[in-house]
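Structure, as structure tokens:
The values are calculated or read from the model by the stated rules, or taken from the named source; none is laboratory data. Remember, predicted model here, so these are calculated numbers, not experimental data. Heads up, the Cβs are rebuilt from the backbone with ideal geometry, glycines too, and the neighbour counts pull from every protein chain shown. The protein model used for the area step is the full one, side chains on, heavy atoms only, and it has no ligands, DNA or RNA in it. Shrake-Rupley method; radii C 1.70, N 1.55, O 1.52, S 1.80 Å.
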Amino acid sequence: QVQLVESGGGLVQAGGSLRLSCAASNSIFSINFMGWYRQAPGKQRELVAATTTGGSTNYADSVKGRFTISRDNAKNTVYLQMNSLKPDDTAVYYCNAVTIKYSAWGQGTQVTVSS
């Protein structure tokens, strides 16, 4: 099972940008689904963005046009570029990898957007 480590979170002002990284312990080339989720205090974890081995992507309506997910198979890393951040984007962001055999999660990285 792959191990995932997120990084890149932090404190940013509204309107700013951050890029999150999810580094995998081994190849992500054949991992069917890789996604970014987030969980704000008192709320359920929600899917923010996802990418598949076929190259397709999908986004939550709340982040469309502002966030971009990408994967670099050579570096075993998935990125989430977040632009035009809003206070409502404040949450812990988690990376998820899904294959037919398992679903793996990272430990999360905190993103805080101040108004």
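Right, residue 74: among the hydrophobic types (A, V, I, L, M, F, W, C) and open to solvent by less than 60 Å² (accessible area, probe 1.4 Å) or not? Outline the logic, then answer.
Numbers: among the hydrophobic types (A, V, I, L, M, F, W, C): yes; open to solvent by less than 60 Å² (accessible area, probe 1.4 Å): no.
Against the criterion (among the hydrophobic types (A, V, I, L, M, F, W, C) and open to solvent by less than 60 Å² (accessible area, probe 1.4 Å)), residue 74 does not qualify.
Per this entry, residue 54 is counted among residues that are at pLDDT below 95 and open to solvent by 60 Å² or more (accessible area, probe 1.4 Å).
Against the definition (buried (at least 20 other Cβ atoms within 10 Å of the Cβ) and of a type in the set (Phe, Trp, Tyr)), how does residue 67 come out, yes or no?
Numbers: buried (at least 20 other Cβ atoms within 10 Å of the Cβ): yes; of a type in the set (Phe, Trp, Tyr): yes.
The answer is yes for residue 67.
Restricting attention to the range 1-22 and to residues that are over 14 Å from the mean Cα position of the chain (by Cα) and hydrophobic (A, V, I, L, M, F, W, C), the residue that is nearest to residue 77 (Cα to Cα) turns out to be 2. Number of residues in the range 8-26 that are open to solvent by less than 70 Å² (accessible area, probe 1.4 Å) and under 15 Å from residue 112 (Cβ atoms) equals 10. Residues that are farther than 17 Å from residue 92 by Cβ and among the aromatic types (Phe, Trp, Tyr) were ranked within the range 23-74; the one that is farthest from the chain's Cα centre (by Cα) is 29.
Yes/no per residue for (1) closer than 16 Å to residue 6 by Cα; (2) open to solvent by less than 70 Å² (accessible area, probe 1.4 Å); (3) assigned to a strand (DSSP E or B); (4) not aliphatic (A, V, I, L, M):
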{"position": "28", "(1), (2), (3), (4)": "yes, yes, no, no"}
{"position": "47", "(1), (2), (3), (4)": "yes, yes, yes, no"}
{"position": "85", "(1), (2), (3), (4)": "no, yes, no, no"}
{"position": "100", "(1), (2), (3), (4)": "no, no, no, no"}
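Might you check whether a residue that is within 16 Å of residue 109 (Cα to Cα) and either among the hydrophobic types (A, V, I, L, M, F, W, C) or touching a residue at least 60 places away in the same chain (Cβ under 8 Å) (or both) occurs anywhere in the range 53-66? No, the range 53-66 contains no residue that is within 16 Å of residue 109 (Cα to Cα) and either among the hydrophobic types (A, V, I, L, M, F, W, C) or touching a residue at least 60 places away in the same chain (Cβ under 8 Å) (or both).
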